[in-house]
Structure formats: C-alpha cells, structure tokens
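So the structure is just underneath, and the comments pick up after that.
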Amino acid sequence: MSLIQNLSRKAAEAAQILSVVDEADKNAVLMDMAKTLRENAAGIIKENVKDLDNAKENDLAASMVDRLTLNEERIEAMAEGLETVAILPDPVGVLRDLGTRPNGLQIRKMRVPLGVVCMIYEARPNVTADAAGLCFKSGNAAILRGGKEALASSLFIANLLQDVLEKHNLPRELISVVPNADRALMQELMEQKDYIDVIIPRGGEGLINYVTENSKVPVIQHFKGVCHLYIDSEADIETGINLLVNGKTQRTGVCNALEGLLVHEDVADEFLSIAGPLLEEYSVKVHACENSAKYFNKADIIPVEDFGQEYLDLEIAVRIVPSIEGAMEHIARFGSNHTEVICTKNDETAQRFQRTVDSSVVMVNASSRFSDGSQLGLGAEIGIATTKLHAYGPMGLESLTTEKYLVNGVGQVRA
C-alpha cells in the first residue's frame with residue numbers, strides 16, 4: 001500500500017472513532033489546541049521564516065507572501081478561531097422533524113459528518129489550523145495537502161495539533177498532512193474515492209481548475225474572488241469611500257479584497273473626484289473605462305472585455321455604469337460568485353440588489369472584507385464555496401456535515 005493510500009485509509013478509520021466522541025470532549029481538545037498554538041508561537045514563527053526565505057529565493061508574488069506570512073497576531077487569530085469553534089453548537093446529531101406520513105412512518109433527518117475531508121491549498125499555513133479545527137468539531141478527519149511554499153509551517157502546526165489529539169487519547173490520523181508537495185502525490189490523493197469523501201481546493205485559478213478536472217473524488221470549488229463595490233445613485237459618498245479604501249487596501253492578497261469598482265453615472269463626478277486622489281495616495285493602480293479615466297492621473301484604459309480580473313494586489317478596475325441594472329449586468333458577466341457590495345441609502349434598492357445578484361455573499365453598506373468565516377460568526381472557515389453543491393459562501397461547521405434520513409415505523413410494508 002502506497003503512502004497516500006495508507007494515509008487515506010487511516011484517516012477514514014480515525015473518522016469512525018471520532019464519530020462517537022461527544023461534544024464536550026471535542027471542545028476540550030479544541031481549547032487545548034488553541035493553548036498549544038499560543039505556547040508554541042515562537043516555534044511556529046521560526047518554521048515560517050524557513051518558508052518565507054524559500055519564497056524570497058523563488059520570487060513568490062507579494063500576494064502569496066502575504067498569505068504565507070505568520071506573526072504573533074495571526075497565530076493569535078488562529079488560536080481564537082479554534083476557541084470560537086469550540087463554543088459554537090455542534091451540528092452533528094441535530095435532528096429535523098419532517099412529520100408523520102399517512103401510513104404512520106415517522107420521518108426525520110439527522111446531521112452527520114461528511115467523513116474524510118481533504119484540503120488542497122497553497123501558501124496559506126493558517127488553513128492548517130482552521131481546517132483541522134472545523135473538521136474535528138464537525139466529526140470529520142482532515143487530510144491537508146499544503147503547497148511547497150508553506151510546507152515547513154504547515155507540518156509544524158499539524159504536529160502540534162496531533163500531539164494534542166494523542167494527549168486526549170485520540171488518533172493522530174484525524175489530522176494528516178501530506179509530507180511533501182510532490183504533484184504526483186496530489187494526483188494520487190484525488191484518486192482515493194474509497195477513503196476520501198470530498199476535496200476542497202483553496203488557491204489560485206490554476207490549482208482550482210486542475211483539481212476540478214482531475215479529481216475522482218467530489219470537489220467543492222473555492223474559486224477566485226472578483227469582488228465588486230457598486231456606488232449607487234443614492235449612496236452616502238463618505239461611506240462609499242470608506243468601503244472602497246478598506247476593501248481594496250487593508251489586505252490586497254486575500255479573496256475578499258475588492259477588485260472592481262462600479263459607480264452610478266449620477267454620482268460619478270462627486271465620488272470619483274474624491275476616490276481618484278485617494279487611490280493614488282494608497283498607490284493603487286487603476287484600470288479604467290474610458291469615461292472614468294479622467295479622474296485618475298495614470299489610469300490604464302481597458303476595454304470592457306478586460307474587466308473581471310483578480311489582481312490580488314494594489315490594483316482595481318473602475319467602470320461608470322448608467323444604472324443599477326448596468327451594475328448587476330456587469331457583476332453577472334464578470335463576478336465570480338464570491339462577494340458583492342452595494343453602497344446605498346435606499347432600502348428598496350439594497351433589497352433588490354441582494355435578491356438579484358448571484359453571489360455567495362451580498363453586502364449592503366459593509367466592507368467586502370467581512371466576507372470571512374470568523375467575521376460571520378463561524379469561528380473560522382474551511383473556505384468560501386463559489387459553487388452551490390452543497391455549500392455556498394463561507395463554509396463553517398454545518399457545511400462540513402450532511403443529513404441522512406431516519407425513518408421509524410411499526411412494521412409497515414409497501415403495497
């Protein structure tokens with residue numbers, strides 16, 4: 001049996017053991033994991049430096065380096081995420097009553113774990129803790145295949161979490177990390193349909209497409225984040241400016257950062273006269289439509305078909321639209337079903353935008369940066385699903401479970 005087959009089989013066996021662990025015991029483990037991360041922050045950072053040194057040698061993009069970097073603040077966020085997951089209600093075993101059929105059959109549905117969840121991700125060592133914690137609380141074993149960029153950090157974090165599992169008399173295989181980033185091993189992982197129940201890729205467009213096209217295991221796609229801010233004709237200009245600056249400049253290398261700005265023509269002059277100099281002050285490169293280019297000193301004028309890019313950098317595409325319909329048509333064509341934002345004082349317009357726009361998260365007068373599991377009360381997230389089977393948007397505990405039917409009878413037989 002190969003390394004990957006053995007790893008996958010042991011993960012499936014471990015998931016069976018976890019299925020009978022009660023909520024209180026799982027919460028105690030998660031709290032201990034959080035404590036362990038804090039106590040070993042210096043060691044985590046030391047390993048992360050190895051990854052960062054390799055990133056510099058390989059000229060990794062700035063957005064990737066940002067995702068790769070761990071510091072005390074980010075380690076604390078990882079620990080707090082585990083603690084939040086611990087205090088959230090356990091979805092496993094929750095019952096939903098579907099009533100009694102005319103023949104007396106009692107129908108219910110019960111939430112159950114997916115089983116073995118495989119995460120394939122790139123330069124995101126925080127995913128190691130987030131995914132492990134969410135999978136554990138929801139009753140799933142986690143197989144984590146991080147990219148070579150974050151391998152030292154991921155292995156060290158996983159080993160800490162495995163030590164906690166062992167301390168609580170649980171199998172280390174509930175959290176497994178593929179020990180190297182060989183593409184052949186990833187390919188073999190995607191063939192383990194007898195042991196792995198779902199694969200969730202997180203990373204660039206190339207990785208997502210590769211996994212989707214080659215996996216024999218069901219895939220939940222976490223596609224790119226082409227997020228837009230639409231400034232409505234009835235927007236509060238100051239609010240819109242704040243949403244733009246926060247959504248574009250707070251962190252550029254994340255999937256919930258803004259990549260597109262749409263401005264209603266009725267407020268374009270007022271809004272862009274402020275936004276233009278401000279974006280320049282933040283060193284944001286602007287790709288503009290012909291009508292908006294005049295508001296920026298060094299705008300790169302682009303044709304309509306060039307919109308819809310995920311820059312993951314201090315860059316943004318700007319377009320003036322004639323109406324909310326024009327904004328929604330643009331989003332339908334160029335959005336990625338991730339996160340869309342409207343800034344408006346008109347409640348009816350806001351509700352129409354939220355009902356109509358096909359995106360996993362649709363916000364009104366709030367920064368796109370809140371499109372995040374921790375910010376939406378999930379504790380952490382396994383990722384942000386941009387397909388609709390079976391989850392859509394930030395995936396927390398409930399998204400890592402499914403439902404099975406429970407049917408109770410008294411000897412009924414079908415005629």
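Inspect segment 146-163 for any residue being closer than 24 Å to Glu23 by Cβ and open to solvent by 40 Å² or more (accessible area, probe 1.4 Å) and give the result as yes or no. Looking through segment 146-163, at least one residue is closer than 24 Å to Glu23 by Cβ and open to solvent by 40 Å² or more (accessible area, probe 1.4 Å). For segment 1-114, give me every one of the helices (runs of 4 or more DSSP H) that falls completely inside it and has 3 or more residues that are modelled with pLDDT of 95 or more. Helices (runs of 4 or more DSSP H) meeting the threshold: 3-18, 23-39, 41-57, 72-87. Of all residues in segment 244-267, those being open to solvent by 20 Å² or more (accessible area, probe 1.4 Å) and part of a helix (DSSP H, G or I) number 3. Of all the criteria given as (1) farther than 24 Å from Glu238 by Cα; (2) open to solvent by less than 50 Å² (accessible area, probe 1.4 Å), the one not satisfied by Leu376 is (2). In segment 111-122, the residues that are touching a residue at least 24 places away in the same chain (Cβ under 8 Å) and open to solvent by 10 Å² or more (accessible area, probe 1.4 Å) reach residues that are among the polar types (S, T, N, Q) and assigned to a strand (DSSP E or B) with C-beta atoms within less than 7 angstrom, at least six apart or across chains, in these pairs: Arg111/Thr401; Val112/Thr401; Val112/Thr402; Pro113/Thr401; Leu114/Thr401; Leu114/Thr402. Screening Met1 on (1) under 26 Å from Ile196 (Cβ atoms); (2) touching a residue at least 24 places away in the same chain (Cβ under 8 Å); (3) open to solvent by 50 Å² or more (accessible area, probe 1.4 Å) shows it passes everything except condition (2). In segment 268-284 there is no residue that is open to solvent by 40 Å² or more (accessible area, probe 1.4 Å), over 30 Å from Gly383 (Cα atoms) and part of a loop (DSSP other than H, G, I, E, B).
Of Val198, Val226, Val217, all but one fail to be within 30 Å of Thr401 (Cβ to Cβ), β-branched (Val, Ile, Thr) and in contact with a Gly (Cβ under 6 Å, 6 or more places away or on another chain); the exception is Val226.
Counted as qualifying within segment 131-211 are the strands (runs of 3 or more DSSP E) with 3 or more residues that are farther than 21 Å from Lys224 by Cα and either without any contact (Cβ under 8 Å) to a residue 12 or more places away in the chain or over 18 Å from the mean Cα position of the chain (by Cα) (or both), namely 175-177.
The residue that is surrounded by the most Cβ atoms within 10 Å (Cβ to Cβ), counting only those in segment 77-102 that are closer than 17 Å to Arg124 by Cβ and of a type in the set (A, V, I, L, M), is Leu82. Pairing each residue of segment 214-240 that is within 16 Å of Met395 (Cβ to Cβ) with any residue that is assigned to a loop (DSSP other than H, G, I, E, B) and acidic (Asp, Glu), provided the two are 6+ apart or on different chains, yields C-beta distances under 7 Å for Gly225/Glu310. Annotation note: Cβ proximity below 8 Å between a residue of segment 397-411 that is among the small types (Gly, Ala, Ser) and a residue that is in a strand (DSSP E or B) (sequence gap 6+ or interchain) occurs for Ser399/Ala385; Gly409/Gln106. Considering segment 212-234, the residues that are part of a loop (DSSP other than H, G, I, E, B) and open to solvent by 10 Å² or more (accessible area, probe 1.4 Å) include one that is nearest to Leu262 (Cα to Cα), namely Ser233.
The values are calculated or read from the model by the stated rules, or taken from the named source; none is laboratory data. Here the structure is a predicted model, which is why all the values come from computation and not from measurement. Please note: Cβ atoms are built from the backbone with ideal geometry, for glycine as well, and neighbour counts cover all protein chains shown. What goes into the accessible areas is simple: the full protein's heavy atoms, side chains included, and nothing from ligands, DNA or RNA. Shrake-Rupley method; radii C 1.70, N 1.55, O 1.52, S 1.80 Å.
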